[in-house]
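What follows is a single structure, written as structure tokens, with notes after it.
The values are calculated or read from the model by the stated rules, or taken from the named source; none is laboratory data. Small disclaimer: the values here were computed from a predicted structure and weren't measured. Here Cβ is always computed from backbone atoms with ideal geometry, including for glycine, and neighbour counts include all displayed protein chains. Each accessible area value is taken on the protein alone, full model and side chains, heavy atoms only, with ligands, DNA and RNA left out. Shrake-Rupley method; radii C 1.70, N 1.55, O 1.52, S 1.80 Å.
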Amino acid sequence: MSSRFSASACGKIILFGEHAVVYGRPAIAAPVTQVQATATVEPGGHGLIIHAADIDRSVMVDPHTSIDPLAAIVNLTLEHLNCPRPDLEITIRSTIPIASGLGSGAAVSTAIVRALAQWSGARLEDAEVNALVYEVEKLYHGTTSGIDNTVIAYQKPVYFIRGEALQTFTVAQPFKVAIGNTGVASPTKIAVGDVRAGWEVDRARYEAWFDRIGAIVRQARAAIESGAIDRLGPLMDQNQVLLRDLDVSSVELERLIFAAQQAGASGAKLVGGGRGGNMIALVNDHNVESVSAALRDAGAVNVIVTEIK
Ligand code: PMV
């Protein structure tokens, strides 16, 4: 029997509703399987060590460390599995850009939980994986809605309301989005903290913006469920206007959004925390190539096309 266990988790995009989702409004998110985080667990020397191979970082896991998110997810998972503390090496590789709105932190945590469960011979339900990863998401994001861990642990499109049971929904007609990366890393925690600071100063104004975002999300769900894909582009544009109001866009994001629209995308918006990271544009089979090329010309360091189904 092999003593090496590997598990993977996908990335995600928020199609509609980021930031407002922290304040109880709904959001729609979908998995992005073109990017993945993988964790490999194998017997090690002394103690428990994590290698984040892509960023050349190693962490010794102390049973009492809970500040470091990598150590925290290992400790929480071993506790949950009721395992003795083994000598292990855990290697992480990921093609998901860090701090870029694609759920890199939640995906790395999810891959670690699944690989450790395999190693211990346990079978964890998606709901258990989700709950463990959520604990660590709080370290990454500060105030967090839990949307990233949910869409990644279940790996299906979700209609998410903070604190409520998972709702999946039918995609009546699959559609494509192009995801453009500005190349600017932007920690979600900072954008979320700044929105919180603004909300503290002027709650009425922020709550009104969140209400308008919530209304867009509900319309988007109805459009996706009825196959009215042509309604999604304008809804993305409206969502982006409100994200600008929340001051989470950036010059680089706006440049890519404008380029996508000029190249024929029927709508575009930033995804995730914002201020950098990735944006999405609604594309179809006729304009997917021209929109992708326009995004690269406008400075995107990477473009991924994914289908929502
Ligand atoms: O930046 P990301 O991909 O981690 O997305 C965060 C989404 C927010 O709504 C901004 C925060 C949250 O916890 O929901």
Got a sec? What order do Y159, Y134 fall in by accessible area at 1.4 Å, biggest, i.e. largest, first?
Y134, Y159
Can you run phi through the Karplus equation (6.51, -1.76, 1.60; θ = phi - 60°) for region 19-27 and list ³J(HN,Hα) in whole Hz, with x for Gly and Pro?
6, 4, 5, 5, 9, x, 7, x, 9
Quick shape check on region 1-120: root eigenvalues a ≥ b ≥ c of the Cα gyration tensor, a/c under 1.5 is rounded, otherwise prolate if a/b tops b/c, else oblate, and it reads prolate
Please report, in debye to the nearest 20, how large the charge dipole of region 167-220 is about its Cα centre when each Lys and Arg carries +1 at its beta carbon and each Asp and Glu carries -1 there.
160 debye
How tilted is helix 69-81 with respect to the longest principal axis of the chain? Cα atoms for both, answer in degrees (0 to 90, nearest 10).
60 degrees
Apply the Debye scattering formula to region 87-159, with a single equal point scatterer on each alpha-carbon and no solvent, then give log10 I(q)/I(0) at q = 0.18, 0.19, 0.26 Å⁻¹.
-0.71, -0.79, -1.30
Share of accessible surface on carbon and sulfur in the chain, whole %, 1.4 Å probe and ligands ignored, is 51 percent
Given the Cα-Cα distance of Q36 and Q173 and 0.36 nm per residue of separation, how much length would full extension add, in nm?
46.8 nm
Name the aspartates and glutamates eligible as straight-distance cross-link partners of K12: C-alpha to C-alpha under 15 Å, and not fewer than 8 places from it in the same chain.
E137, D148, E307
Residue separation between R4 and Y154 times 0.36 nm, minus their alpha-carbon distance, gives in nm 51.6 nm
Over all alpha-carbon pairs in region 44-185, figure out the percentage whose distance exceeds 22 Å.
42 percent
Taking a probe of 1.4 Å and leaving out DNA, RNA and ligands, region 118-262 shows per residue an accessible area in Å² of 46 Å²
Scattering profile of region 224-309 from the Debye formula, Cα beads only, expressed as log10 I(q)/I(0) at q = 0.17, 0.20 Å⁻¹, is -0.65, -0.89
Under a Cβ-only charge scheme (Lys and Arg +1, Asp and Glu -1), can you give me the dipole magnitude of region 8-114 about the Cα centre, in debye to the nearest 20?
380 debye
Applied in sequence order to region 152-164, the curve 6.51 cos²θ - 1.76 cosθ + 1.60 (Karplus, θ = phi - 60°) yields integer Hz couplings, x standing for Gly and Pro, of 7, 5, 8, 6, 8, x, 10, 9, 10, 10, 3, x, 9
Could you order peptides 111-119, 10-18 by the average number of other Cβ atoms within 10 Å of their residues, highest first?
10-18, 111-119
Please work out how much length the chain gains when fully extended from V305 to N284, using 0.36 nm per residue of separation minus the C-alpha to C-alpha distance, in nm with one decimal.
6.5 nm
Cα pair distances exceeding 22 angstrom across region 134-240, given as percent
46 percent
What FRET efficiency, computed as 1/(1 + (r/R0)^6) with R0 = 51 Å and r the Cβ-Cβ distance, is obtained for S226 and T95, rounded to the nearest 0.05?
0.90
About the Cα centre of the chain, how large is the charge dipole given +1 on each Lys and Arg Cβ and -1 on each Asp and Glu Cβ? Please answer in debye to the nearest 20.
400 debye
For the full complex of protein chains and a 1.4 angstrom probe, list F210, F5 by accessible area with the highest value first.
F5, F210
Calculate how steeply helix 251-262 sits against the longest principal axis of the alpha-carbon atoms of the chain, using the helix alpha-carbon long axis, and give the answer as 0 to 90 degrees to the nearest 10.
50 degrees
Residue by residue through region 268-283, the couplings from Karplus 6.51 cos²θ - 1.76 cosθ + 1.60 with θ = phi - 60°, in Hz, x for Gly and Pro, are 7, 7, 6, 10, x, x, x, 6, x, x, 10, 10, 10, 10, 6, 10
Region 172-229 - Debye-derived log10 I(q)/I(0), Cα point model, q = 0.12, 0.13, 0.23, 0.30 Å⁻¹:
-0.52, -0.60, -0.94, -1.07
Bins of 10 Å, beginning at zero and ending with the bin holding the largest distance: percent of Cα pairs per bin for the chain, please.
6, 28, 33, 21, 9, 1, 0
